[in-house]
Amino acid sequence: MQIEAYFQQIQSQIEACPVIQLSNIAYEKRGSHEGLVRGEITFVDGSLLHLREYVDVETTVDRLMYVYQYMDALKNLIFRYDNTGHHRDLNLSTYPHHKHDGSEDKITTSSAPTLEEVLQETQLLVHLP
């Protein structure tokens, strides 16, 4: 897969999400198979999703780095998924993948969710006007 096809896939997922009010996403090509996706999505209730992904899509989609941070309209953390190599001391079975659930201190095991899965989770949490 070429990186442009992955970028289009991400854009299509964002456009298909019915509770998104505004998105500001930057796509940065780093070769034919690698790239950086980063930006912010604002939902209809004012909640925000900050995201960053560094991907290599040469054979499969390999997200070498990712962060999806969802906050309410007052910028209180609701959740954050990331694969930053910290919290080794917690002996998480999914290390380095983990989730901060409602607080920086509440850290749980987590698979490595895709943006599409994160958008599905946020749709359940967005308060419709």
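What the table below lists for this structure:
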{"item": "D (Stokes-Einstein, µm²/s), Kirkwood Cα radius, segment 1-47, 1.567 mPa s at 4 °C", "result": "113"}
{"item": "Derived scalar couplings ³J(HN,Hα) [segment 55-63; Karplus, 6.51 cos²θ - 1.76 cosθ + 1.60; whole Hz; x for Gly, Pro]", "result": "10, 10, 10, 4, 10, 9, 7, 10, 7"}
{"item": "Farthest positive-ward along segment 3-125 dipole, Cα basis, beta-carbon charges - from G35, G85, Y66", "result": "G85"}
{"item": "Cα-derived Rg over Rh, computed across segment 13-75 with Rh taken as Kirkwood radius", "result": "1.04"}
{"item": "Within segment 45-129, percent of DSSP bridges classed antiparallel, to nearest 5", "result": "100"}
{"item": "Dmax and Rg, reported as Rg then Dmax, of the chain (C-alpha, Å)", "result": "14.8, 42"}
{"item": "FRET E, pair Q11, K75, Förster distance 22 Å, beta-carbon r, rounded to 0.05", "result": "0.30"}
{"item": "Loop sites in segment 50-129: GluC sites (Glu not before Pro), DSSP, at most 14 other Cβ within 10 Å", "result": "E58, E104"}
{"item": "For the chain, built as a Gaussian network whose Cα springs stay under 10 Å, the top-fluctuating residue of L119, L74, L51", "result": "L74"}
{"item": "In order through segment 96-101: 3J(HN,Hα) via Karplus (6.51 cos²θ - 1.76 cosθ + 1.60), integer Hz, x for Gly, Pro", "result": "x, 6, 7, 10, 8, 10"}
{"item": "Dipole in debye (nearest 20) - the chain, about Cα centre, beta carbon charges: Lys, Arg +1; Asp, Glu -1", "result": "180"}
{"item": "Hydrodynamic radius (Kirkwood) for segment 60-117, which is based on Cα pairs only, to one decimal in Å", "result": "11.9"}
{"item": "For I25, net neighbour charge (Lys/Arg +1, Asp/Glu -1) across residues whose Cβ lies under 15 Å away", "result": "-3"}
{"item": "Normalised contact order of the chain, rounded percent, pairs of Cα under 8 Å and 6 or more residues apart", "result": "18"}
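The numbers here are math on the coordinates, done by the rules we state, and not lab data. The structure displayed is predicted, hence computed values, not measured ones. For neighbour counting, all protein chains shown are included, and Cβ atoms are generated from backbone atoms with ideal geometry for every residue, glycine included.
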